[in-house]
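What follows is a single structure, written as structure tokens, with notes after it.
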Amino acid sequence: MVEFRIGAVYAVKDVFKFIGRDVESNLLLKELGSGLGTDAVHPIINLYGEEGSGRRSLLQFVWESPLTRMPTTLRVRLDCNTLAEDANLATTLSETLESNDKKLTPVITLFRKEYAQSLRDYTDSASAAESQENNGIGADMQLDIWMETFFQHFVRHPDNTRGLQLLIELDDFDLLSENLKDLIIRLLIQPLSGQHIDPQVRFIVTGKRALKQSPDLLKCWSIFGNNTLDIELKPFTLSEVSQWIREHDHPEDISSRLLDESRGLPGKLDSVAEHIIETEHSQGWLAIAEKVLAPLPREQQRMLCQAALLPIITENNLSIFVNAEQARNIMRLLPSNTQLKFRDTGHGLRFPKELQRSLQKWYEKHFPAEYRIDIAKAAAFTELISILPGTKDREILNRLSIFNYFNNEVLTEIYGSALARQLIEYVETHSNLFEHTTGNHRISVNTRKALETFNKVNNFQTDTEDLKRVANAWHKRREEILSGKSKAEERLQNQEKNIDALKNDIRKIQHDLLERKERLENLKKRYNSMPLQGSRDTSKSMGSSVAMQLLGVALLYVGIFFSDTLPLAYAVVGILLIFAGLFLQSKHLRPQTSTTTQHKAPLNTENAEKNMQFLNLKKNQLQVKLGAFTSNVQRYKNELREFDALLREPYS
């Protein structure tokens, strides 16, 4: 079983004493170490000074200073100078989250996961609503989602907010465009302005000018009552410039020129000093290098020049150029050479700057091909180790870099449960190196780029056995995905057929209802057009018709039975009288218009209306069923999109 050792820690950053800014740093340390709620403490710290005055480096020094006694603080930084109109503000804010308390690390990781998942859920729902695969989210909506998730984890959640201080840093806020400024004010600053008690919210706003000198900017912060601490960063004096030169091992005779050309701005001291030294001292660099290297064998000369490419020299750092034994040998050699005048930084050895540049020039002249290779290695190493300071980090990231995405299930399948647990624990505690969703992780773009650059210049080869295991696992997983996709497609087809049948039934019922309604309306129209009818008093007429019928029967009887004595004509007359009486009776029984009584026979539509109500009820039931089927269709389509996304993003 493979296990990760703790591993060696690389040193890559120049460790120099922070020069100057004693008053400003002490003021910040005191301010940030105190809680809000008193008049002596300010919700807004305005740090201002012209470009190059060291605003950002001062804040970083205070944050990392061992003298800082801040409460549990969540720091959120936004570099406004680098933001464009289409900038992803929310993602930038998420990536810069950090805390001075390790207890908050899992909470920050969980926040990043849920924010990424919220974005994905919103994108999926928006795509479904618009029936399109790619539906972009505007910067305002992203920031809105970010704020909602942020409030849920760090503002409203009582377990996370007890004694929590939120420190929001807005660097170069005055350089923001009006649109982005309005967006940040509306969706970030105003929602946080009401959180005065728990957690405490504090803003550090930096810029070239003070907020009080910019009425428009000051108005943005009026919601805090303009309770602002102003800290101006003034240029260095000659004494501070000289102190900076001594700390960085530069020749002291450049101090006056350095002060004039840099105008005392700390951010420009390094580049201006390099330029001055290049013009005034570079002529003797090769001679200095020759003097130092002459007593050494050729192999050690090159190794010493390789060491000069590194800002900090340690045995582990040298391992990018030479093997472990050679690195140990050169580390034994260096301190014993009094000509080299190394300074021990506590993290490793550092060349004096002039000697370092001399050795680099000598190496470039005598080993040009090797110099180009090694300078690329050193640059890639410097970039990588700034985010991955140990051998364990690099080993873990190289293992995870073969995955396009991964989760505990995938890693367990490839490496086993024990190693998978170590990898996932590393991901959770170094969440800033990764991108997260609720179910998966992947190496962030910047981390992968730095790792790939370093591996490329060092000819790193991925373990082929790992690649085979990942490929086999993906092949198995791909079959599962295709099977699931096929079943989802089948369910979708069946559901669409059912929907077509339902729609057809609903159309038939609707057609039948329209016909029935039309017939009923026509019947009502004919009924309404019929005249009113009445009845006369026909009792006399009825008596006359009955008398005529009786007389006709009597004459018929006489004519038949007494035909010998009476003429047959009596019988004929009797028949005529009978029919005449019947005719009169039927005529007087029919309704006739009368001035005394008028009416219409009622129109019976009860059965027709009941039938129509039944059809309407049936249609409503089918429409409810249709809605459920349509919802299922959308769910199956979402499943197909997820399957397609999984197929597009294999393990490796």
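Side notes on the structure shown:
- Check on R332, surrounded by fewer than 17 Cβ atoms within 10 Å (Cβ to Cβ) and over 51 Å from the mean Cα position of the chain (by Cα): yes
- If you go through region 373-414 and keep only what is charged (D, E, K, R), more than 24 Å from A287 (Cβ to Cβ) and over 32 Å from the mean Cα position of the chain (by Cα), you end up with just K377.
- Unmet requirement for K525, which otherwise passes all of (1) surrounded by 13 or more Cβ atoms within 10 Å (Cβ to Cβ); (2) free of Cβ contacts under 8 Å to residues at least 12 places away in the same chain; (3) not polar (S, T, N, Q): (1)
- For L176, the requirement of being touching a Cys at 6+ places or on another chain (Cβ under 6 Å) and at pLDDT below 80 is met.
- Of residues in region 355-399 being under 19 Å from T314 (Cα atoms) and of a type in the set (K, R), the one modelled with the lowest pLDDT: K392
- Qualifying residue in region 279-289 (condition: open to solvent by less than 20 Å² (accessible area, probe 1.4 Å) and among the β-branched types (V, I, T)): no
- Qualifying residue in region 400-411 (condition: in a loop (DSSP other than H, G, I, E, B), within 28 Å of L318 (Cα to Cα) and either modelled with pLDDT under 80 or open to solvent by 10 Å² or more (accessible area, probe 1.4 Å) (or both)): yes
- Meets criteria (assigned to a helix (DSSP H, G or I), modelled with pLDDT of 80 or more, open to solvent by 70 Å² or more (accessible area, probe 1.4 Å) and closer than 24 Å to F643 by Cβ) for E425: no
- Residue in region 134-154 that is touching a strand residue (DSSP E or B) at 6+ places or on another chain (Cβ under 9 Å) and either part of a helix (DSSP H, G or I) or at pLDDT 70 or above (or both) present: yes
- Qualifying residue in region 341-349 (condition: modelled with pLDDT under 85 and surrounded by 21 or more Cβ atoms within 10 Å (Cβ to Cβ)): yes
- Taken over region 285-303, the criterion of being in contact with a Ser or Thr (Cβ under 8 Å, 6 or more places away or on another chain) and not in a helix (DSSP H, G or I) is satisfied by no residue.
- Whenever a residue of region 43-61 is in contact (Cβ under 8 Å) with a residue 24 or more places away in the chain, its partners that are open to solvent by less than 20 Å² (accessible area, probe 1.4 Å) and acidic (D, E), lying with C-beta atoms within less than 8 angstrom and at least six residues away or across chains, give the pairs I45/E31; R55/D171; R56/D171; L59/E169.
The values are calculated or read from the model by the stated rules, or taken from the named source; none is laboratory data. It should be emphasised that the depicted structure is a prediction, and the values quoted were computed from it without experimental measurement. Neighbour counts are summed over all protein chains in view; Cβ atoms, including those assigned to glycine, are modelled from backbone coordinates with ideal geometry. What goes into the accessible areas is simple: the full protein's heavy atoms, side chains included, and nothing from ligands, DNA or RNA. Shrake-Rupley method; radii C 1.70, N 1.55, O 1.52, S 1.80 Å.
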